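Participant: Next up is a structure, given as structure tokens.
No lab work stands behind these numbers, since they all come straight from the coordinates. These figures come from a predicted structure and were not determined experimentally. As a convention, Cβ positions derive from the backbone with ideal geometry for all residues, glycine included, and neighbour counts pool all protein chains shown.
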Amino acid sequence: MKTPELLAPAGDMEKLQVALAYGADAVYAGQPQFSLRGRENGFKTVEDLARAIEYCREREKLFYLASNTVPHNNKVLAFQKSLAEIIALEPHALIMSDPGMIHWVRTEFPETEVHLSVQANTVNYISAKFWHDLGINRVILTRELKLREVEEIIEKTFPLEIEVFVHGAVCMASSGRCMLSNYLSYRDANQGNCNNACRFPWEVKPAAVELHPIENDNPISKAAESTQEGVIVVEEDQHGTYFMNSRDLCALPVLEDLVKIGVASVKIEGRTKSPYYLAKSVQAYRLALDAIAKGEKIPAEAMQAVFDTENRGLMSGFYTSQDPIPQNLSAAKDIQAHAEVAAKITKYNSEKGIATIDVRNRISLGDNLELFSPEGNKYFTVTNLTNQKSQNAEILHPGLKNCEINMPFSCNELSFLVRRLQKTKK
Ligand code: SF4
């Protein structure tokens, strides 16, 4: 059994550093205009990407350039120019989805490795073989597949590399092929500008009440009450109706199966998520993959790390038939992470035992906090606080920067201060 690569999102340089520090083998990132993260994307220029690629290379980690938008005619030349500049920097692979652009890269830069983006919606071995024959080195399968389908694709396409998503938000559409956001707000999901419209609260109204009166024997109202297959059961809570808002993917329960069937890479979604979310998610899958490699059970800390982050409720997606996809998320508002970030550490003075911090949530003298760092988790009590004006303080409020806190353990700018929360509903 070969341990798959752990692939993490890098929305900016800080997140890239966090992902690698907490155990990712490879990261993916791309420019706002040519990858599917048009907003909150820190890699605006070719120079930004050059620094990122160099940073990975120095640490013998892999950098994949996400170039997976589908360009309209007026963007083709700019896309090609940008790609040529970045290919010269030698990223380890490009992640692409547009067949024409892929063909152009294969022709002009035959040495460049290309991974087929999930946006190309590959769901069977014949399509995967087709892309392999065209020179694609790796296919990222769509999320809408069962484990046995993934296994069959791997068996029938060897030595093609297969990558799958294991963690993060799930699209209600077939992996991003969606016009909802574009229709509602002129933000095209296929150009990297999705507004997550499927997660809004929605209301169902009869289109023409006089034509479809809701009566007891009316087929529509009967269907709504039915629990038969094919009927979407719409539930509501006090916040509204969320019938298009999928729970988040967490494939830890099936990770060992994915390793056994031979996936080459397991991928975490979320270039716009916070550095803390990224650190916890990467830590969880690193712990799990390392345990599986040693023939051990996935440790409880891996699941704990996942629950320490905000989520919309977790599921193992389409991988197992035991876990059908509950798209209704009436419980989403009641889900609370088991921990919160109290502060991000920006500097550490080892001689004085003091850390400089940016405060995210209120910190008081006497608080029991956890130092969450790439080296592990340690606990301490807050005995000294200094505010941004270097004055002693009893409380530090959210948003304050350049404050100081006593810190009995060594740490660095990739570390966080975390507060455990009661596991109660909001
Ligand atoms: S609106 Fe929802 S379904 Fe559509 S692309 Fe965005 S996340 Fe996917």
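Participant: Within the set of other residues whose C-beta is less than 15 Å from the C-beta of R51, count the net charge using Lys and Arg as +1 and Asp and Glu as -1. If you can, show how the numbers build up before the last one.
Facilitator: Working: positive: K15, K44, R57, R59, K61; negative: D12, E14, E47, D48, E54, E58, E85, E90.
Net charge in that neighbourhood comes out at -3.
Participant: List the pairs from K146/K273; K294/K378; K280/K344; K146/K260; K267/K297 whose alpha-carbon separation is above 18 Å, in the order I gave them. Display every interim value, and only then the final one.
Facilitator: Numbers: K146/K273 26 Å; K294/K378 25 Å; K280/K344 14 Å; K146/K260 15 Å; K267/K297 21 Å.
Where the Cα-Cα span goes over 18 Å, the pairs concerned are K146/K273; K294/K378; K267/K297.
Participant: Taking the beta-carbon count within 10 Å as an exposure proxy, list M407, M101 from fewest neighbours to most.
Facilitator: Going from sparsest to densest Cβ surroundings: M101, M407.
Participant: Moving on to the next point. Classify the stretch 339-420: rounded, prolate or oblate, from the alpha-carbon gyration tensor (a ≥ b ≥ c, eigenvalue square roots; a/c under 1.5 rounded; otherwise prolate if a/b is larger than b/c)? Can you show the working numbers first?
Facilitator: On the way: a/c = 1.44, a/b = 1.20, b/c = 1.20.
Verdict is rounded for the stretch 339-420.
Participant: Pop out the ³J(HN,Hα) list for the stretch 177-193 in order, Karplus 6.51 cos²θ - 1.76 cosθ + 1.60 with θ = phi - 60°, rounded to Hz; leave Gly and Pro as x.
Facilitator: Listing the rounded values in order: 6, 8, 10, 4, 5, 5, 5, 7, 9, 6, 10, 7, 4, 7, 10, x, 10 Hz.
Participant: Of the GluC sites (Glu not before Pro) in the stretch 56-122, which ones lie in a loop per DSSP and count no more than 12 other C-beta atoms within 10 Å?
Facilitator: Working: sites: E58, E60, E85, E108, E111, E113; in loops: E60, E111, E113.
Counting only loop positions with at most 12 other Cβ atoms within 10 Å, the GluC sites (Glu not before Pro) in the stretch 56-122 are E60, E111.
Participant: Whole-Hz ³J(HN,Hα) for each residue in the stretch 35-40, computed from phi via Karplus 6.51 cos²θ - 1.76 cosθ + 1.60 with θ = phi - 60°, x for glycine and proline: what do you get?
Facilitator: Karplus values, whole Hz, x for Gly and Pro: 10, 8, 9, x, 10, 6.
Participant: How high is the relative contact order of the stretch 99-197, given as a whole-number percent (alpha carbon pairs under 8 Å, six or more residues apart)?
Facilitator: On the way: 117 pairs, mean separation 21.0, N = 99.
It rounds to 21 percent for the stretch 99-197.
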